[in-house]
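A.B. asks: Here it is: the structure, laid out below.
The values are calculated or read from the model by the stated rules, or taken from the named source; none is laboratory data. Keep in mind the model is a prediction, meaning the values are calculated, not measured. Cβ atoms come from the backbone with ideal geometry, glycine included; neighbour counts cover every protein chain shown.
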């Protein structure tokens with residue numbers, strides 16, 4: 001496996017940052033600002049640079065390439081395989097209502113006896129990530145790692161972009177499947193947020209709207225615990241997310257970011273579903289702990305790959321846009337911590353998302369996370 005990386009900026013156009021010497025590619029993965037991608041020109045340029053390669057990518061709050069972070073550019077990686085077959089799939093016009101059906105359709109399209117892993121991207125505003133992963137699990141049922149993320153966009157934009165084999169567009173679910181005995185995919189995920197206070201039961205919720213914790217208005221409970229630290233809806237969502245888990249599986253925990261708080265009704269709207277009957281705890285953000293968690297996620301991903309590989313290794317980082325906002329200029333810390341675990345020779349590409357997809361809790365099933373760093377490792381084994 002050989003990897004080449006490049007970056008596009010408005011001022012310089014495309015620039016190669018890591019050359020493999022392969023002069024060909026089977027797969028190109030790219031992430032970039034919505035403004036840079038929406039015209040389709042970047043897709044056409046990548047297609048022309050690597051004719052015959054499958055392309056998959058989408059819009060991002062910020063991109064990661066190597067050790068660098070950028071909000072305006074497009075970052076891409078071109079991968080050439082020795083023994084691995086790949087296939088891409090795309091569904092357009094996907095909504096919250098049909099997200100589970102779409103996930104199942106993606107699973108059926110990519111399913112095969114030698115399917116070794118799936119990487120999926122979806123419009124983080126139009127698609128229900130919980131339902132999408134549930135549909136994938138309905139078909140693939142933990143048969144292979146399913147990872148990816150929900151593409152992101154500025155707050156004043158109605159949709160985020162994604163695409164596979166076509167220019168990225170709103171309302172799209174895109175996926176790539178990896179096939180054969182040579183390819184290895186591993187993943188790691190960690191959040192680094194500190195939980196505090198008692199575990200409480202989600203007693204009333206519908207979809208992604210939480211009304212009551214322990215039969216009390218959720219927003220009222222938040223304000224009672226956090227007091228003056230809650231300085232507005234968006235601030236509370238970034239700094240104080242919610243940790244939730246099934247009542248009998250506390251190790252199967254996921255983080256949910258708050259979008260809005262309605263103090264009159266006591267309701268809170270989250271980025272993704274909050275199931276009634278699950279347990280929940282408040283969480284608090286700490287920049288140092290978040291950076292250390294990124295290192296933990298990278299360590300998990302690297303530990304899942306074989307010691308002896310054929311060629312190079314690729315690491316895909318999918319972190320949360322909420323982490324990006326909280327960490328500010330120190331966001332580069334979590335990238336540096338993760339790269340420290342991956343090693344200087346690993347090629348790294350990533351983006352800041354509206355939701356991160358990776359297995360959780362040892363179940364092997366794909367789950368949608370918020371406020372989490374996920375790292376996916378890809379490599380081919382020596383034969």
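A.B. asks: Among (1) buried (at least 21 other Cβ atoms within 10 Å of the Cβ); (2) closer than 11 Å to residue 375 by Cβ; (3) more than 17 Å from the chain's Cα centre (by Cα), there is one condition residue 316 misses while meeting the rest; what is its number?
C.D. replies: Condition not satisfied by residue 316: (3).
A.B. asks: Something else about it: For the stretch 180-202, name all the residues that are more than 19 Å from residue 283 (Cα to Cα) and surrounded by fewer than 17 Cβ atoms within 10 Å (Cβ to Cβ). Let's see the steps before the verdict.
C.D. replies: Initially, the stretch 180-202 is screened for residues more than 19 Å from residue 283 (Cα to Cα), giving 180-188.
Within the stretch 180-202, 180, 181 qualify.
A.B. asks: Report, by residue number, each residue of the stretch 40-81 that is surrounded by fewer than 22 Cβ atoms within 10 Å (Cβ to Cβ), assigned to a strand (DSSP E or B) and in contact with a strand residue (DSSP E or B) (Cβ under 7 Å, 6 or more places away or on another chain).
C.D. replies: 54, 70, 80, listed by residue number.
A.B. asks: Further question: Looking for something free of Cβ contacts under 8 Å to residues at least 12 places away in the same chain and more than 20 Å from the chain's Cα centre (by Cα) - is there at least one such residue anywhere in the stretch 17-34? Steps first, answer last, please.
C.D. replies: Narrowing the stretch 17-34 to residues free of Cβ contacts under 8 Å to residues at least 12 places away in the same chain: 23.
Next cut, more than 20 Å from the chain's Cα centre (by Cα) only: 23.
Within the stretch 17-34, one or more residues are free of Cβ contacts under 8 Å to residues at least 12 places away in the same chain and more than 20 Å from the chain's Cα centre (by Cα).
A.B. asks: Can I ask one more? Considering only the stretch 96-116, state which residues are under 13 Å from residue 178 (Cα atoms) and surrounded by 24 or more Cβ atoms within 10 Å (Cβ to Cβ). It would help to see each step written out before you state the result.
C.D. replies: First, pick out the residues of the stretch 96-116 that are under 13 Å from residue 178 (Cα atoms): 107, 109-116.
Selection gives 107, 110.
A.B. asks: Based on what the data block shows, is residue 17 at pLDDT below 95, in a strand (DSSP E or B) and farther than 24 Å from residue 132 by Cβ?
C.D. replies: Details: at pLDDT below 95: yes; in a strand (DSSP E or B): yes; farther than 24 Å from residue 132 by Cβ: yes.
The answer is yes for residue 17.
A.B. asks: A further question follows. Mind listing just one residue for me: the one in the stretch 182-226 that is within 25 Å of the chain's Cα centre (by Cα) and not in a strand (DSSP E or B) and, of those, nearest to residue 116 (Cα to Cα)?
C.D. replies: Looking only at the stretch 182-226, we keep the residues that are within 25 Å of the chain's Cα centre (by Cα), and these are 182-195, 205-210.
Cutting the leftovers down to not in a strand (DSSP E or B) gives us 182, 191-193, 207-208.
Working: 182: 9, 191: 26, 192: 29, 193: 31, 207: 32, 208: 32 Å.
Ranking the candidates gives 182 first.
A.B. asks: Quick check on residue 93: is it surrounded by 19 or more Cβ atoms within 10 Å (Cβ to Cβ), out of contact with any strand residue (DSSP E or B) (no Cβ under 9 Å at 6 or more places or on another chain), farther than 28 Å from residue 285 by Cβ and modelled with pLDDT of 95 or more?
C.D. replies: When the stated conditions are applied, residue 93 does not pass them.
A.B. asks: Report whether or not residue 143 is modelled with pLDDT under 95 and more than 25 Å from residue 71 (Cα to Cα). Steps first, please.
C.D. replies: Numbers: modelled with pLDDT under 95: yes; more than 25 Å from residue 71 (Cα to Cα): yes.
Spelling it out, residue 143 is indeed modelled with pLDDT under 95 and more than 25 Å from residue 71 (Cα to Cα).
A.B. asks: Can you tell me which residue in the stretch 203-255 is modelled with the highest pLDDT, limited to those that are loosely packed, with under 15 Cβ neighbours inside 10 Å and within 25 Å of residue 99 (Cβ to Cβ)?
C.D. replies: So, considering only residues that are loosely packed, with under 15 Cβ neighbours inside 10 Å and within 25 Å of residue 99 (Cβ to Cβ), the one modelled with the highest pLDDT is 206.
A.B. asks: I'd like to verify a number: residues in the stretch 350-376 that are surrounded by fewer than 24 Cβ atoms within 10 Å (Cβ to Cβ) and in contact with a strand residue (DSSP E or B) (Cβ under 8 Å, 6 or more places away or on another chain), how many?
C.D. replies: Taking the stretch 350-376 and keeping what is surrounded by fewer than 24 Cβ atoms within 10 Å (Cβ to Cβ), we get 359-365, 367.
With the extra rule that they be in contact with a strand residue (DSSP E or B) (Cβ under 8 Å, 6 or more places away or on another chain), the set shrinks to 359-361, 365, 367.
So the count comes out to 5.
A.B. asks: Quick check: anything in the stretch 86-102 in a helix (DSSP H, G or I), closer than 20 Å to residue 378 by Cβ and in the same structural domain as residue 354 (by TED's automatic domain parsing)? Lay out the reasoning, then the answer.
C.D. replies: Taking the stretch 86-102 and keeping what is in a helix (DSSP H, G or I), we get 99-102.
Next cut, closer than 20 Å to residue 378 by Cβ only: none.
No, that holds for no residue.
A.B. asks: Is there a residue in the stretch 305-321 that is closer than 21 Å to residue 59 by Cα, assigned by TED's automatic domain parsing to the domain that holds residue 61 and assigned to a helix (DSSP H, G or I)?
C.D. replies: yes
A.B. asks: Then there is this: Would you check if residue 163 is free of Cβ contacts under 8 Å to residues at least 40 places away in the same chain and surrounded by 24 or more Cβ atoms within 10 Å (Cβ to Cβ)? Even if it seems obvious, please write down each step before you answer.
C.D. replies: Values: free of Cβ contacts under 8 Å to residues at least 40 places away in the same chain: no; surrounded by 24 or more Cβ atoms within 10 Å (Cβ to Cβ): yes.
Considered against the rule, which asks whether it is free of Cβ contacts under 8 Å to residues at least 40 places away in the same chain and surrounded by 24 or more Cβ atoms within 10 Å (Cβ to Cβ), residue 163 comes out as no.
A.B. asks: Collect the residues in the stretch 113-125 that are in contact with a helix residue (DSSP H, G or I) (Cβ under 9 Å, 6 or more places away or on another chain) and either part of a loop (DSSP other than H, G, I, E, B) or over 17 Å from residue 360 (Cβ atoms) (or both), keeping them in residue-number order. Steps first, please.
C.D. replies: The first filter runs over the stretch 113-125 and keeps only residues in contact with a helix residue (DSSP H, G or I) (Cβ under 9 Å, 6 or more places away or on another chain), leaving 115, 118, 120, 122, 124.
Passing the criteria: 115, 122, 124.
A.B. asks: Out of the residues in the stretch 177-196 meeting the condition of being more than 11 Å from residue 243 (Cα to Cα) and in contact with a helix residue (DSSP H, G or I) (Cβ under 8 Å, 6 or more places away or on another chain), tell me which one is modelled with the lowest pLDDT. Let's see the steps before the verdict.
C.D. replies: Step one: list which residues in the stretch 177-196 are more than 11 Å from residue 243 (Cα to Cα), which gives 177-190, 192.
Then keep just the ones that are in contact with a helix residue (DSSP H, G or I) (Cβ under 8 Å, 6 or more places away or on another chain); that gives 177, 186-190, 192.
Working: 177: 98, 186: 94, 187: 95, 188: 94, 189: 93, 190: 93, 192: 90.
Once the filter is applied, the top-ranked residue is 192.
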